[in-house]
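Engineer: Okay, handing you the structure first.
Computed from the coordinates by the stated procedures, all read-outs in this text should not be read as laboratory data. No experiment lies behind these values; they were computed from the predicted model shown. Positions of Cβ are backbone-derived with ideal geometry, glycine not excepted, and every protein chain shown enters the neighbour counts.
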Amino acid sequence: MRAMLSADRSGTLRLREHLFGPERLLVMAIVNRTPDSFYDAGLTWDEPAAMERVHQVVAAGADIVDIGGVPAAPGLDVDVAEEVRRTASFIAAVRSAYPGVAISADTWRHEVAREACAAGADLINDSWGGWDAKLPDVAAEFGAGLVCAHAGSQRPRTRPFRVRYEDVVQDVLDKTLRLAARAVQAGVDPASVIIDAAHDFGKNTWHSLEVTRRLGEITASGWPVLVSVSRKDFIGEALDLPIHDRLSATLATTSVCAWQGARVFRAHDVVQTRHVLDMVSAIRGDRPPARAVRGMT
């Protein structure tokens with residue numbers, strides 16, 4: 001069943017006109033158009049600051065710019081119209097400035113996804129496990145990619161409470177593969193579907209650690225896998241660290257996920273993540289050294 005539903009045999013990831021080969025590890029840079037983000041606390045809320053962030057991450061080597069208008073955490077309600085206001089015109093501006101960079105819209109709502117894709121988004125990053133069943137239709141309509149994530153049974157913007165799984169990795173596989181199949185049936189190109197175990201979403205720290213440890217079982221499904229671990233709570237709880245002290249642990253987690261075959265890495269710290277991914281690629285033999293003179297002369 002999994003082999004039948006996997007992406008095309010070439011392993012190429014297609015995000016509208018953007019094509020990424022199977023050996024390329026992609027950095028997805030986070031740009032939050034919100035006043036209350038868990039990490040930057042509204043640093044890119046104003047559009048000029050958000051665009052400056054885009055300039056910085058593209059220069060630093062980001063392959064995808066992920067633009068969101070609603071925090072994942074509970075908080076003040078953000079309705080559809082406000083989410084569109086925060087994201088659609090900004091996506092259009094980024095598309096105009098950087099036609100060669102893939103753009104992701106971080107949303108679980110089909111109305112917002114439609115406006116984002118019309119403005120130039122190439123990927124719909126749904127972190128809430130297909131809560132809105134119309135999202136695949138929008139992705140198919142625009143030829144965009146779709147992230148199929150595992151959030152357990154969590155409603156958007158809610159925190160997990162005493163969640164239990166008989167086998168969390170099996171649950172991740174069951175739900176994400178079902179969402180991937182639904183996307184393909186709706187007309188999304190199989191080469192444009194990404195799955196995401198969604199660390200912390202619908203999970204406690206033990207669950208997220210197990211997902212990380214067994215990520216190879218998820219990448220073995222054949223679908224490109226996205227990981228979003230940047231400075232997350234499970235890292236903070238594992239080491240008892242506040243958000244701004246979690247970079248080195250985030251990079252360690254990133255390298256573990258990359259070694260096990262993940263393809264896309266959603267990150268706050270683009271330069272450091274790019275270095276980690278390029279080093280993993282060099283160790284695997286997928287990327288030659290930038291220079292090699294030691295012992296050669």
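Engineer: Quick query: amide H of ARG231 versus all other amide H atoms, modeled in the peptide plane; which residues come in under 5 Å with a sequence gap of 5 or more or a different chain?
Structural biologist: Placed amide hydrogens put THR250 under 5 Å from ARG231.
Engineer: Residue by residue through the range 252-261, what is 3J(HN,Hα) from phi via Karplus (6.51 cos²θ - 1.76 cosθ + 1.60, θ = phi - 60°)? Round to whole Hz and write x for glycine and proline.
Structural biologist: For the range 252-261, the Karplus curve yields 4, 5, 4, 5, 4, 5, 5, 4, 8, x Hz.
Engineer: Would you please put 240-249, 202-211 in order of how densely packed they are, using the mean number of other Cβ atoms within 10 angstrom per residue and starting with the highest?
Structural biologist: Going from most to least packed, we get 202-211, 240-249.
Engineer: Hey, if you drop one equal point scatterer on each alpha-carbon of the range 5-130 and run the Debye formula without solvent, what base-10 log of I(q)/I(0) do you get at q = 0.14, 0.22 Å⁻¹?
Structural biologist: Debye intensities relative to I(0), on a log10 scale: -0.59, -1.35.
Engineer: In percent, how large is the relative contact order of the chain, given Cα pairs closer than 8 Å and 6 or more residues apart? Before the final figure, lay out each step's value.
Structural biologist: On the way: 577 pairs, mean separation 58.4, N = 297.
Rounded, it is 20 percent for the chain.
Engineer: For the chain, with only Lys/Arg (+1) and Asp/Glu (-1) charged at the beta-carbon, what is the dipole magnitude about the Cα centre, in debye rounded to 20?
Structural biologist: Details: 34 positive and 38 negative charges, 148 e Å.
Dipole about the Cα centre, nearest 20: 720 debye.
Engineer: What list of ³J(HN,Hα) couplings, whole Hz, do you get for the range 54-62 from phi and the Karplus terms 6.51, -1.76, 1.60, once you set θ to phi - 60° and write x for glycine and proline?
Structural biologist: Along the range 54-62, the couplings run 4, 4, 5, 6, 5, 4, 7, x, 5 Hz.
Engineer: Right, something else. Can you give me the Rg/Rh ratio for the chain, using Cα atoms for both radii and the Kirkwood formula for Rh? The partial results should precede the final answer.
Structural biologist: Values: Rg = 18.0 Å, Rh = 19.1 Å.
With Rh from the inverse mean 1/r over Cα pairs, Rg/Rh is 0.94.
Engineer: Just to check I understand the Karplus step: with θ = phi - 60° and J = 6.51 cos²θ - 1.76 cosθ + 1.60, what whole-Hz values come out for the range 198-205, glycine and proline as x?
Structural biologist: For the range 198-205, the Karplus curve yields 6, 3, 6, 6, x, 9, 8, 5 Hz.
Engineer: Would you calculate, for the chain, the mean residue ellipticity at 222 nm contributed by helices, counting each DSSP H stretch of 4 or more residues as -39,500 (n - 2.57) and dividing by all residues, to the nearest 500?
Structural biologist: That calculation yields -12000 deg cm²/dmol at 222 nm.
Engineer: Pop a pseudo-label 7 angstrom from the Cα along the beta-carbon direction at both ALA59 and TYR98 and give the gap in nm to one decimal.
Structural biologist: With each label point 7 Å from Cα toward Cβ, the separation is 1.2 nm.
Engineer: Also, I was wondering about something else. How would you rank 72-78, 165-171, highest first, on the average number of other Cβ atoms within 10 Å across their residues?
Structural biologist: Values: 72-78: 13.4, 165-171: 15.1.
Ranking, from highest mean packing down: 165-171, 72-78.
Engineer: Still on this structure, I have one more. For the pair TYR165/ALA118, report the inter-label distance in nm, with labels modelled 7 Å from Cα in the Cβ direction.
Structural biologist: Computed distance between label sites TYR165 and ALA118 equals 3.7 nm.
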